[in-house]
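**Q** This is the structure I have questions about; it appears just below.
Read the figures in this text as sums done on the coordinates, not as results from a lab. Note that the coordinates shown come from a computational prediction; the quantities given were computed from them, not determined experimentally. Here Cβ is always computed from backbone atoms with ideal geometry, including for glycine, and neighbour counts include all displayed protein chains.
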Amino acid sequence: MKKSLLLLGTFFTLFFISCEGPTGPAGFPGENGFDGEDGIQGQVFEVEDVDFTFLAENNLYETILNFEDFTSFPVEANDAVLVYQYDRSVEFGNDVEDIWNLIPQTFFYDEGTIQFVPGHTTRDVEILITGNFNLSALDASITQGQIFRFVILPGVAAASKMDKSNISAVMSSIGVSEEDVVKTSFK
């Protein structure tokens, strides 16, 4: 009896596994993007010479960059905008690599701390420099001529488990090489 039930169960299992349903309708055409998925694209652009304006009433510095000034791709509401601040270049023998830090980022000074903080809409990105002391005398090397790199990740990519603090890994995951980065000046 056990052999009969085992044989019958095996038969039904193989029968149901081998069944195939009708083919569904074709999807919308698109371009290859994040992890080869059609129509999903990430984008990267770099902006040099970014200057901040001091807002005394709020004791902070602010700069706003409009996406349409730097890219022709629309930024959707569910997209993530990662902002990286250029730190410096480091030499490794004959190679030179840039160091990029994902913001928000905190810096510690004798007077207190400051933090670069990003925020975005579908039209622009705002970067603030906030702090816990009077920022009016902040050195111009901090508030003027900064370089930022922006990575716009589609919602599906933003939800993935990639190391977003590593700009190289993020760019690689969306198929963007260093040569593909559009570099412009804010001024």
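**Q** Once phi is turned into θ = phi - 60°, what whole-Hz ³J(HN,Hα) does the Karplus curve with 6.51, -1.76 and 1.60 give for every residue of the range 106-120, x standing for Gly and Pro?
**A** 10, 10, 10, 10, 4, 6, x, 10, 10, 9, 8, 10, x, x, 8
**Q** With θ set to phi - 60°, apply the Karplus curve 6.51 cos²θ - 1.76 cosθ + 1.60 along the range 167-172 and write out the HN-Hα couplings as whole Hz, x wherever there is a Gly or Pro.
**A** Residue by residue, the range 167-172 yields 4, 5, 5, 5, 4, 4 Hz.
**Q** Separate question: Name the residues whose placed amide hydrogens come within less than 5 Å of the amide hydrogen of GLN43, ignoring near sequence neighbours (fewer than 5 apart) on the same chain.
**A** ILE152
**Q** The range 93-186: which trypsin sites (Lys or Arg not before Pro) are DSSP loop and have at most 15 other beta-carbon atoms within 10 angstrom?
**A** Listed in order of number, the matching sites are ARG123, LYS161.
**Q** In the range 46-75, whose amide N lies under 15 Å from the spot 7 Å out along Cα-to-Cβ of LYS183? List them in ranges.
**A** Taking a point 7 Å out along Cα→Cβ of LYS183, the residues of the range 46-75 whose backbone N falls under 15 Å are 46-50.
**Q** Which residues' amide hydrogens lie under 5 Å from the amide hydrogen of ASP124, considering only partners 5 or more residues apart or on another chain, with H built in the peptide plane?
**A** HN-HN under 5 Å from ASP124: PHE67.
**Q** Still on this structure: Once amide H atoms are placed 1.01 Å from N in the peptide plane, what residues at a sequence separation of 5 or more from GLN105, or on another chain, have their amide H within under 5 Å of its amide H?
**A** Distant-sequence amide H within range of GLN105: PHE116.
**Q** Let me ask you something else. Treat every Asp and Glu Cβ in the range 117-187 as -1 and every Lys and Arg Cβ as +1, leave all other atoms uncharged, and give the resulting dipole magnitude about the Cα centre to the nearest 20 debye.
**A** That gives a dipole near 120 debye.
**Q** Provide the descending list of Cα extents for the range 38-177 along its principal axes, expressed in whole angstroms.
**A** Here the Cα extents, ordered largest to smallest, are 49, 42, 27 Å.
**Q** Karplus couplings for the range 75-90 from phi (6.51 cos²θ - 1.76 cosθ + 1.60, θ = phi - 60°), rounded to Hz, Gly and Pro as x?
**A** 9, 8, 4, 8, 6, 9, 10, 9, 10, 10, 9, 5, 9, 5, 9, 10
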